[in-house]
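Undergrad: Below is the structure I would like to discuss, written out as structure tokens.
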Amino acid sequence: MGRAFEYRKATKMKRWGNMARTFTRIGKQIAIAVKNGGPDPENNPALRAVVATAKRENMPKDNVERAIKNALGKDQKDYKEMNYEGYGPFGIAVFVETATDNTTRTVANVRSIFNKFGGSLGTSGSLEFIFSWKSMFTIAKKDGLDMDELILDLIDYGVEDEYDEDDEEITIYGDPKSFAQIQKHLESDGFEVKAAEFTRIPNDEKDLDAEQRATIDKMIEKLEDDEDVQNVYTNMKPAIDEE
């Protein structure tokens, strides 16, 4: 899925630049996963996926263990996952995922950024036709791997027959509802799961010129600077030099 890979690389991965912010983001995901499924990664697929992502992002093991322990504490904040959808300048669709303990603060901050850039927030679900929600797994390559056979094994879980790969890793996409089953199958087959998460991929991308792209990039950066924002997705077509 070349287009999905280009989008993920050029848009989604930008937010990982600041290590402290990355660790804060992962810490919130750990808190939510522990609350929903318990503190044992072996019995909590969502937590196991976050731990894999933490490892990929070089989050120290002590930090991960501390985050899990803190998630069980009585003083742990109750984070809620909230999505905000709207349009930025030049008709670009913007989907914002947040984890917050204060929805009033979060929606005010997000709306302020949209307004600052001449955009506007829409109603929940207004961008469903623009973005496809998928589960995404990045696994380490194994010697002698037959991708056709792997996809065939996973096709009942909605895994697509198109995938991304480089010399060391393979990224596959599937039905979000089958996240736990796909993860379990990969692990039982002895694959090293380097990242397991959900992503939103635009079904229709809009091409912008360099000046317009710079404006959208600034808007994305402002959104990502907010402590409650987890992910920002747009349907802006990646520039050639970002692929």
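Laboratory data are not the source of any read-out in this text; all were calculated from the coordinates shown. Every value quoted in this text rests on a predicted model; they were computed, and no experiment measured them. Positions of Cβ are generated from backbone atoms using ideal geometry, with glycine treated the same way; all protein chains shown enter the neighbour counts.
Undergrad: What residues qualify as long-range amide H neighbours of Ser132, i.e. H under 5 Å apart, gap of 5 or more or another chain, H built at 1.01 Å from N?
TA: Result for Ser132 returns Ile201, Asn203.
Undergrad: For a quick size check, give me the Cα extents of the chain along its three principal axes, largest first, whole Å.
TA: 50, 46, 29
Undergrad: Right, next: Apply the Karplus curve 6.51 cos²θ - 1.76 cosθ + 1.60, θ = phi - 60°, to the phi angles in segment 188-199 and return the couplings in whole Hz, x for Gly and Pro.
TA: So the J values, rounded to whole Hz, are 5, 8, x, 7, 7, 8, 8, 7, 9, 7, 9, 9.
Undergrad: A follow-up question, please. Hey, fewest Cβ within 10 Å first, where do Thr138, Thr22 land in order?
TA: Sorted ascending by nearby Cβ count, the order is Thr22, Thr138.
Undergrad: Okay, next question. Among Gln183, Gln29, Gln212, determine the one that fluctuates most according to a GNM of the chain built with springs between C-alpha atoms less than 10 Å apart.
TA: In this elastic network of the chain, the residue with the biggest mean-square fluctuation among Gln183, Gln29, Gln212 is Gln212.
Undergrad: Which value results for Rg/Rh of segment 131-202 when Rg is the Cα radius of gyration and Rh the Kirkwood radius based on the inverse mean 1/r? Numbers along the way, then the final one.
TA: Working: Rg = 11.2 Å, Rh = 12.1 Å.
Taking Rg over the Kirkwood Rh, I get 0.93.
Undergrad: Further, regarding this structure: From the C-alpha gyration tensor of segment 16-71, pull out the three semi-axes of the equivalent ellipsoid (sqrt of 5λ each), sorted largest to smallest, in whole Å.
TA: Working through the eigenvalues yields semi-axes of 18, 11, 10 Å.
Undergrad: May I ask you to derive the relative contact order of the chain, considering only C-alpha pairs under 8 Å and at least 6 residues apart, and to give it as an integer percent?
TA: 26 percent
Undergrad: Using the per-residue mean of other Cβ atoms lying within 10 Å as a proxy for protection, in what order, highest first, do the peptides 141-153, 91-103 fall? Don't jump to the answer; show the numbers that get you there.
TA: Working: 141-153: 11.9, 91-103: 19.5.
In descending order of packing, they fall as 91-103, 141-153.
Undergrad: Taking Cα pairs under 8 Å and at least six residues apart, what relative contact order does segment 16-71 come out at, in percent?
TA: Normalised by residue count, the contact order of segment 16-71 is 38 percent.
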